[in-house]
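*Asks:* Here it is, the structure, as structure tokens.
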Amino acid sequence: MASLSARAVIVVGTLLALMACSGQSNTVSTGETTPTPTTAHTADGRMRDCAPSPNRCGYPDETNTGVTAGTALRPSRSITVEKAGQVVEGLDITGEINVAASNVVIKNTKITGGRGAGNNDWVVIMRPGADNLTIVDSEITTPQGSAQDIACVFNISNGTLTIERANIHGCSAGISSGGGVVRDSYVHDLSQIRGLSHNVGIASNGGGGMTIEHNTVFNQFKQTSAISFYQDFSAQKDNFVHDNLLAGGGYCIYGGAGDRGPTSNIRILDNRLSRRYFQNCGSYGVLAAFKPDDSGNSFSGNYWDDTGQDVEG
């Protein structure tokens, strides 16, 4: 066969790569056939080794979360929101957002908090009496390299919140709430004060009613978890953890068992578990404080990021 031009070689190579990922035959117009690579996929077609570049597998990372590209932000100091339905948009805040009203929306906003920027325990706080807070397309962080023992999002109300496409990093706890929805978000690069911080990516501190779906949650420390359900105030129930990319902590997941009552309807399904930091996802293992025999509880379909093999609860 005649030699291909450099441009043709590039085009053919691109076609081969696309066909390999889609599972199609690698037969192209040159008349040559190249065996389908197997290193990028598991036997059942799952992508492998997604943790180094989550967006390659469709998971959230810095490329597809946070403030929408091209958005112009206006500098701002700390904000207290006391008007129901208020929209906070297009700001670059140094300090905190103090939410004291319901149906508040925070969108396309960057908030850099932490000690020295207006508070000691949070970057965004949802106060008692507030409900239905929405945070979307925003970045919540503390100054790079600082040691912080605070929550990036701290819900101390009895209400729920919804967080979507957020880039959350630099706090010891990414999200601390009771119930709510966290979806399509990236929680990573936590901070720690040795001997003081309890590191967790996303946590419910009691009650439950939390949906955690299609997030990337990385905790580089050997305690506490990527996702935790605690019984600080009441028994855990009605939590749904689905299709997340998880790594780190002592155990990757704490399943909600405690001394305030039996758990119920805790479903941990189809999550991708990574050895990015520790061989067993967490430094001690995958799962703790989970009662598979409690009513409605389920741990199934979860699998290793590097091999695609199922993980038993």
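Bear in mind these aren't lab numbers, they're just calculated from the coordinates by the rules spelled out. Source: prediction; values computed, not measured. Reconstructed Cβ throughout: ideal geometry from the backbone, glycine too, with neighbour counts over all protein chains shown.
*Asks:* Once you have the Cα-Cα distance between SER300 and VAL87, take 0.36 nm times their residue separation minus that, and quote the gain in nm to one decimal.
*Replies:* So the chain would gain 72.8 nm between SER300 and VAL87.
*Asks:* Using all C-alpha to C-alpha distances in region 55-178, build P(r) with 5 Å bins and read off the rounded percent in each one.
*Replies:* Final binned percentages: 3, 12, 23, 25, 22, 11, 4, 1, 0.
*Asks:* Taking all pairs of distinct Cα atoms, average 1/r, flip it, and tell me the Kirkwood hydrodynamic radius of region 89-244 in Å to one decimal place.
*Replies:* Result for region 89-244 stands at 15.0 Å.
*Asks:* So, one more: Report the FRET efficiency, 1/(1 + (r/R0)^6), for GLN309 and SER146, where r is their Cβ-Cβ distance and R0 is 45 Å, rounded to 0.05.
*Replies:* 0.70
*Asks:* For ASP61, what charge total do you get from the other residues with a beta carbon under 13 Å from its beta carbon, if Lys and Arg give +1 and Asp and Glu give -1?
*Replies:* -1
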